[in-house]
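Every number here is computed from the coordinates shown, using simple stated rules; none is lab data. What you see is a predicted model, and the numbers here were worked out from it, not measured in a lab. Glycine gets a Cβ as well: all are built from the backbone with ideal geometry, and neighbour counts include every protein chain shown.
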Amino acid sequence: MQLYYAPGTVALAAVIALEEAGAAYDPLRLSFADGDQLQPAYLAVNPKGRVPALVTDDGVLTETPAILRYIAALYPEAGLLPSDPREAARVDELCAYLSATVHVSHAHRARGARWSDDPAVIEALKLKVPSNMAAHFSYLSGQLRGPWYLGEQYSLADAYLFTMERWLPGDGVDLAGLPKIAAHMARVEARPAVQRALAVTA
Ligand SMILES: N[C@@H](CCC(=O)N[C@@H](CS)C(=O)NCC(=O)O)C(=O)O
């Protein structure tokens, strides 16, 4: 498998999952500064021009929740997705929220041009990022059972949540006001697989 990623992006979650699973994969780095994600060579891989994209023998898979679930299913021994249907649905619930709501709020900081051509509107969207992200993570703090998102079982939910926790300081959110989130972030970061993923994507 090959995993296209760019530093500092949501693709970190997929790299963590691959490392946790002990998967054989080639990390392929894109430079957003150079606009690699919009070059024809990459658009042939992922016409959406986004990362991550996982290249498998059966084709290309995009969208972080789908990629995480696929890795969990390929490597069941890694235990990245609970077998209990209700707990698995709780992971899906988090993935949907992170993908469709939290990520979108974060994108208003640097990608406002997706929503408006008006520079004043783009600036106004940026101003909403700290309060929106603080509100999302205040909610998530209440959902976090600890030590991991589900409680005792580490899962792909932790990899995905950690990836977005890392965005908080840059998004203007003070982690001192979110002690459960800060502790979760430190706990995930200490895992050897996560250290390897951070080294890969640095
Ligand atoms: N829904 C997608 C979002 C992917 C996404 O927006 N990735 C960002 C990086 S965090 C990206 O590739 N941005 C490139 C661009 O906007 O040009 C997912 O969850 O995988």
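Structural remarks
- Summed over segment 140-161, the residues that are in contact (Cβ under 8 Å) with a residue 40 or more places away in the chain and under 19 Å from His103 (Cα atoms) give a count of 10.
- Entirely in segment 1-110, the helices (runs of 4 or more DSSP H) that have 2 or more residues that are among the hydroxyl-bearing types (Ser, Thr, Tyr): 64-74
- Whichever residue in segment 25-72 is of a type in the set (S, T, N, Q) and surrounded by 12 or more Cβ atoms within 10 Å (Cβ to Cβ) and, among such residues, is nearest to Met1 (Cα to Cα): Thr56
- Residues (in contact (Cβ under 8 Å) with a residue 24 or more places away in the chain and either among the β-branched types (Val, Ile, Thr) or over 26 Å from Thr62 (Cα atoms) (or both)) located in segment 86-131: Val91, Thr101, Val102, Val129, Pro130
- Scanning segment 1-37 for residues being more than 15 Å from the chain's Cα centre (by Cα) and within 12 Å of the ligand (Cβ to nearest atom) gives a total of 8.
- Selection from segment 111-125 of residues that are within 23 Å of Gly8 (Cα to Cα) and either within 11 Å of the ligand (Cβ to nearest atom) or part of a helix (DSSP H, G or I) (or both): Arg111, Gly112, Ala113, Arg114, Ile122, Glu123, Leu125
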